[in-house]
């Protein structure tokens, strides 16, 4: 096996955070991020689940070279996921740079990551290539423009598996056709609080849009974050799929805003109290679980947007959602921690980050 | 038109669920679908519903795939039965070999069976020719395993020739 370039050093990522967390962009009070991923396969190899390790290694070599020579993205740093330990793989999952499946599967595989963490290209996930573009706020069109360019650039030197009838051919028939999954990550605390969220789910499922939790398929909806994405990939163009999302998402945003407004109107004091208590616990707890942290941060995030909390900014909250998760906490502390120790470390980290009115460093 | 799995009304909603790699199709009428969906929380499955629907959904899948189990792709070696159990296809050529069996499945997942949208600049024809490489490499592997070195040498040349002809990069330096 030839190593053309050194792997990206994971430690550099532990002290930074992705551009998509910066909390700017259109409607960023509710839309945390927009994401598009494309599934692609090379024509001359079996799909990764069916490929043996030597074939996967060959696929990785061919594609790593392509990914590293991409110019439209800026230089991507490459990480061989196979050679990472479990903690580091989990870290990349928490960071939204690889999927849980990519972390858990076996054999030669990797990921190319952009310096702003807006781009990640997984090699040998379920498909040979899973290209992902992530942006702060509500900006699906920009995501599509970016990823379309990356796709074109990669395709200049390889032949994708494609049929005129079924489009881009993928390992799972649920992804064939465009191979696209466009999604927006929404923060919907008011709809959850009032249980109106069930209506949203039903309406979305009826028009075959999927709702998932923070970490995609099968993950729990933590911190009132929901990913809304297309399910259909065949028989509709990329533009049609994105348009469909764009028709629906503004309605959900408006719905959440309406309910927030109503909550404030009904009982501003109670809401103010709830949000302030949440902030207080985060600032002073001595031990705290990941679940409680997500729940309280969600309250605080809404509180900031409603002007009920001062002394903390949205990007800080966004970052804390990610940095207080188990693998991040352990990477920040440079040690392996048991669950109870993590709760203590998490509380200490939160106290330190939320102690004074400091602009967050990045 | 299909009938709803729960009552006799026509099925207007077609739900495809993938659980543990198993593809399950579910056809429901408007009101039964409402009932079903309202019991499904995001990101998790409802165990009781699972049990109640499990057998019916299985029957449904059987109906679609009847008699197709032994069909095999010579390129990657996967059978349709294997695809059914793992929920993943083996190689691009499977879409040709299993086409007839995949059509109803694709119809129920996507509601459509014809791609519209972006096309790669390379022609689909070039893509199809390359599937041949998957078969040749598989044959090469078995030839090496069974120590048929003459065959192996011949296959290696064929692979090289086809790669050159198609102008693609191999993984080797």
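Every read-out reported here was derived from the displayed coordinates using simple, explicitly stated rules and does not represent laboratory data. Treat the numbers as computed from the prediction; the structure is a model and nothing was measured. Virtual Cβ from ideal backbone geometry, glycine too; neighbours counted across all protein chains shown.
Based only on other Cβ atoms within 10 Å, what is the fewest-to-most ordering of A:244, B:118?
A:244, B:118
State the Cα centre-to-centre distance between region A:172-199 and region B:70-122 in whole Å.
After rounding, the separation between the Cα centres reads 26 Å.
Using only alpha carbon positions, build the gyration tensor of chain A, then give the equivalent ellipsoid semi-axes as the square roots of 5 times its eigenvalues, largest first, whole angstrom.
After scaling each eigenvalue by five and taking roots: 35, 25, 16 Å.
Set the Förster distance to 30 Å, then compute FRET efficiency between residue B:165 and residue B:99 from the Cβ-Cβ distance, nearest 0.05.
0.70
Viscosity 0.692 mPa s, temperature 37 °C: Stokes-Einstein D of region A:15-131 from its Kirkwood Cα radius, in µm² per second?
Translational diffusion coefficient: 221 µm²/s.
Quickly work out the residue B:147-to-residue A:75 label distance, labels modelled 7 Å from Cα along the C-beta direction, and quote it in nm with one decimal.
It is 4.9 nm.
Taking a quarter of the surface of the convex hull around the Cα atoms of region A:231-285, what do you get in nm²?
If I average the Cα hull's projected area over directions, I get 6.2 nm².
Could you sort B:91-104, A:115-128 so that the peptide with the highest average Cβ count within 10 Å comes first and the rest follow in order?
In descending order of packing, they fall as A:115-128, B:91-104.
Sort region A:285-339 into rounded, prolate or oblate with this rule: let a ≥ b ≥ c be the square roots of the eigenvalues of the Cα gyration tensor; rounded if a/c is under 1.5, and if a/c is not under 1.5, prolate when a/b is larger than b/c, oblate otherwise.
prolate
From the square roots a ≥ b ≥ c of the eigenvalues of the alpha-carbon gyration tensor of region A:6-53, which class results: rounded (a/c under 1.5), prolate (a/b over b/c), or oblate?
Oblate is the answer for region A:6-53, as a/c is 1.5 or above yet b/c matches or exceeds a/b.
For region A:140-263, what is the largest minus smallest coordinate of the Cα atoms on each principal axis, given in angstrom and ordered from greatest to least?
55, 26, 23
Contour minus end-to-end for residue A:351 and residue A:337, with contour as 0.36 nm per residue of separation and end-to-end as the Cα-Cα distance?
3.2 nm
Within 10 Å of each Cβ in A:198-208, how many Cβ atoms from other chains are there, averaged over the peptide?
Other-chain Cβ atoms within 10 Å of each residue's Cβ, averaged: 4.
Going highest first, how would you order A:193-206, A:97-110 by mean Cβ packing within 10 Å?
Going from most to least packed, we get A:97-110, A:193-206.
Based on other C-beta atoms within 10 Å, arrange A:275, A:317, A:344 from fewest to most.
Final ranking by Cβ density, sparse to dense: A:344, A:275, A:317.
When you look at the Cβ of every residue in B:132-142, what mean number of other chain Cβ atoms sits within 10 Å?
3
Report the extension gain between residue A:153 and residue A:277 in nm, rounded to one decimal, defined as 0.36 nm multiplied by the number of residues separating them, less their alpha carbon distance.
Stretched out fully, the residue A:153 to residue A:277 stretch lengthens by 39.6 nm.
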